[in-house]
Amino acid sequence: MTLYHGGTDIIQKPLIRPQVLGRDFGRGFYCTDIRDQAEKWARRQGRIRNQTAILNTYEFDIAQAQDSLNIKLFNDYSLEWLELVVKSRKLPDFAHGYDIIFGKIANDDVGETIQAVFDGLMPMDFALERLVFMTANNQYCFCTEKALDLIIYLGTEILE
C-alpha cells in the first residue's frame, strides 16, 4: 500500500514526534492513502510556514503489520473513535497502547463537532449522528518505533 505524508520537510526516516494537543490519535507519525489529501495538507502547511510544500511517499505492508502489531482500524465514525479522539486531543499524556491506528481524520467540519464534545456543548451520541453526514478523509497514525520500521521511504516530490 502506498502512503503519503504532506508537509514542508523531506522525511526519509519518519519519527514519532512529541505529543501535540489537537492530534486525533495522539503521538505518532501521520500519513494517508489519499494522495490529494496529503498534497492539500502540504500546500496548506507551506502557506502557513511560508515554505515549500513537500510530498513524501512510502510503501507500507499492512498484511505484515497485522501479523506483528497491535492495530486499531476505524472504518467509520463510532463512539469508540470519538472517545479516542477526544481523549487524545484533551490529555497530553494519554496513551492508547496501539502501534498503528487507521481512521477518519477530523477535518475542519468534523473538528468543530469534536470541539463541541470536547467543550461539553454536545453529547457524544448527537455528535455521532452529525458525523454520519460529513465527508472524511483517511489517516494512519504510526505510534511506535516498531510500526515505523514497516514504512519504506520511496521518495519526495516538491509541489508547485
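List of remarks:
For every residue, the table says whether it meets (1) in contact (Cβ under 8 Å) with a residue 24 or more places away in the chain; (2) more than 17 Å from Asn137 (Cβ to Cβ); (3) of a type in the set (Asp, Glu).
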residue: Gly7; (1), (2), (3): yes, no, no
residue: Ile10; (1), (2), (3): yes, yes, no
residue: Gly26; (1), (2), (3): yes, yes, no
residue: Phe29; (1), (2), (3): yes, no, no
residue: Ile34; (1), (2), (3): yes, no, no
residue: Asp61; (1), (2), (3): yes, yes, yes
residue: Asp76; (1), (2), (3): yes, no, yes
residue: His96; (1), (2), (3): yes, yes, no
residue: Gly103; (1), (2), (3): yes, no, no
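- Listed by position, the strands (runs of 3 or more DSSP E) inside the range 71-146 whose residues that are open to solvent by 20 Å² or more (accessible area, probe 1.4 Å) and farther than 25 Å from Glu39 by Cα number at least 3 form an empty set.
- Tabulated pairs, the range 108-130, first of a type in the set (D, E, K, R), second at pLDDT 75 or above and open to solvent by 60 Å² or more (accessible area, probe 1.4 Å), C-beta under 8 angstrom, 6+ apart or interchain: Asp125/Leu79
- Checking Trp41 against (1) within 23 Å of Thr8 (Cα to Cα); (2) surrounded by fewer than 20 Cβ atoms within 10 Å (Cβ to Cβ); (3) free of Cβ contacts under 8 Å to residues at least 40 places away in the same chain, the condition it does not meet: (2)
- Residue count for the range 44-60, restricted to those that are touching a Leu at 6+ places or on another chain (Cβ under 6 Å) and either at pLDDT below 90 or surrounded by fewer than 18 Cβ atoms within 10 Å (Cβ to Cβ) (or both): 2.
- Lys13 satisfies every condition listed in (1) farther than 27 Å from Arg130 by Cα; (2) surrounded by 12 or more Cβ atoms within 10 Å (Cβ to Cβ) except (2).
- Criterion violated by Leu121 - all others in (1) modelled with pLDDT of 75 or more; (2) under 30 Å from Ile151 (Cα atoms) satisfied: (2)
- Matching residues in the range 147-160 - criterion: being in contact with an Asp or Glu (Cβ under 7 Å, 6 or more places away or on another chain) and either free of Cβ contacts under 8 Å to residues at least 40 places away in the same chain or open to solvent by 40 Å² or more (accessible area, probe 1.4 Å) (or both): Ile152, Leu154
The values are calculated or read from the model by the stated rules, or taken from the named source; none is laboratory data. Note that the structure is predicted; figures quoted are calculated from it, not measured. Here the Cβ is made from the backbone with ideal geometry for all residues, glycine too, and neighbour counts use every protein chain on show. These area figures cover heavy atoms from the full protein model, side chains too; ligands, DNA and RNA do not enter into them. Shrake-Rupley method; radii C 1.70, N 1.55, O 1.52, S 1.80 Å.
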